[in-house]
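Asker: Mind having a look at this structure? Questions to follow.
Throughout, read-outs are computed from the coordinates displayed, never taken from laboratory work. What you are looking at is a predicted structure, and each value in this text was computed from that prediction instead of being measured. Glycine gets a Cβ as well: all are built from the backbone with ideal geometry, and neighbour counts include every protein chain shown.
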Amino acid sequence: MYKGKFITIEGSEGAGKSTNIEYIQNYLQQQGIDFIATREPGGTPVAEKIRDLLLDKSNTSLCDDAELLLMFAARAQHLNELILPALEAGKWVISDRFTDASYAYQGGGRGLSWKKIEQLEHWVQGSLRPDATILLDIPVELGMERVRQRGETDRFEEQKMSFFNRIRDAYLKLAEENPQRFYIIDTQPAIEEVYQQLEQVLSKLVANV
């Protein structure tokens, strides 16, 4: 339906999204692919303000349903202002998280109904789904150890270990249910090995242009 490709990068805390997204951007630049890189929640001025609300540790009273609705409010703005125009213009869109994160964090982590999330997904996105999703996977304890080494944490990173175990389980369930779209990258090994895994996936996506 769109001229560009929509690639999403998923993974829980400490999976190495920032480093690996930088590698993905460099690879696409070398291949001459016209793309934009963005993130969720965020990506536009309005959505970035919603992001600030969601990550602020002082917002302890934010209920789970409000959290989910704010995620999709930011997503609606993101899609209409940035993602859809870019895809229609023939650009690739590389997004640090998208709706799979809502299934993982609000569905898996918070325990909200996946049916609720599915209804919001259809309302906000219509038929749009990512062309490919790269899931950066890491055992929870190792990922959270990396987070602690970084220092300052946000509202989500303050959660208990069981919260992140449910998130990882949800991501792996999504990957199992959508094997045609998901590519799982093991981010435990040395970074050079992770990059090799990524290159295999990216070369396949670029070859299908």
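Asker: With label points built 7 Å along Cα→Cβ from the Cα atoms of residue 62 and residue 176, find their separation and express it in nm.
Answerer: 3.0 nm
Asker: Could you tell me how many cubic angstrom of Cα convex hull volume the chain has per residue?
Answerer: Taking only Cα atoms, the chain has a hull volume of 117 Å³ per residue.
Asker: For a paramagnetic label modelled at 7 Å from the Cα of residue 199 toward its Cβ, which residues of region 166-185 fall within the zone defined by backbone nitrogen distances under 17 Å?
Answerer: 185
Asker: Between residue 55 and residue 190, take the C-beta separation as r, use R0 = 41 Å, and let me know the FRET efficiency to the nearest 0.05.
Answerer: Values: r = 30 Å, r/R0 = 0.74.
Here the calculated transfer efficiency is 0.85.
Asker: Residue 57: which aspartates and glutamates have alpha carbons under 15 Å from its alpha carbon, excluding same-chain residues fewer than 8 sequence positions away?
Answerer: By straight Cα distance, residue 57 reaches 67, 152, 154, 157, 158.
Asker: Fewest Cβ neighbours within 10 Å first, please rank 144, 71, 161 accordingly. Could you put the intermediate results ahead of the total?
Answerer: On the way: 144 19, 71 25, 161 10.
If I rank by nearby Cβ atoms, fewest first, I get 161, 144, 71.
Asker: Under a crude label model (7 Å from the Cα following the beta-carbon direction), how far is residue 118 from residue 208 in nanometres?
Answerer: Between residue 118 and residue 208, the label points sit 2.4 nm apart.
Asker: So if R0 is 25 Å, what FRET efficiency would residue 142 and residue 22 give, r being the distance between their Cβ atoms, rounded to the nearest 0.05?
Answerer: Efficiency, from the Cβ-Cβ distance: 0.75.
Asker: Using a Gaussian network model on the chain with a 10 Å cutoff between Cα atoms, which of 29, 149, 197 fluctuates the most?
Answerer: 149
Asker: For residue 46 paired with residue 3, estimate the spin-label separation in nm (one decimal), with each label point 7 Å from Cα along the Cα-to-Cβ line.
Answerer: Between residue 46 and residue 3, the simple spin-label model gives 2.5 nm.
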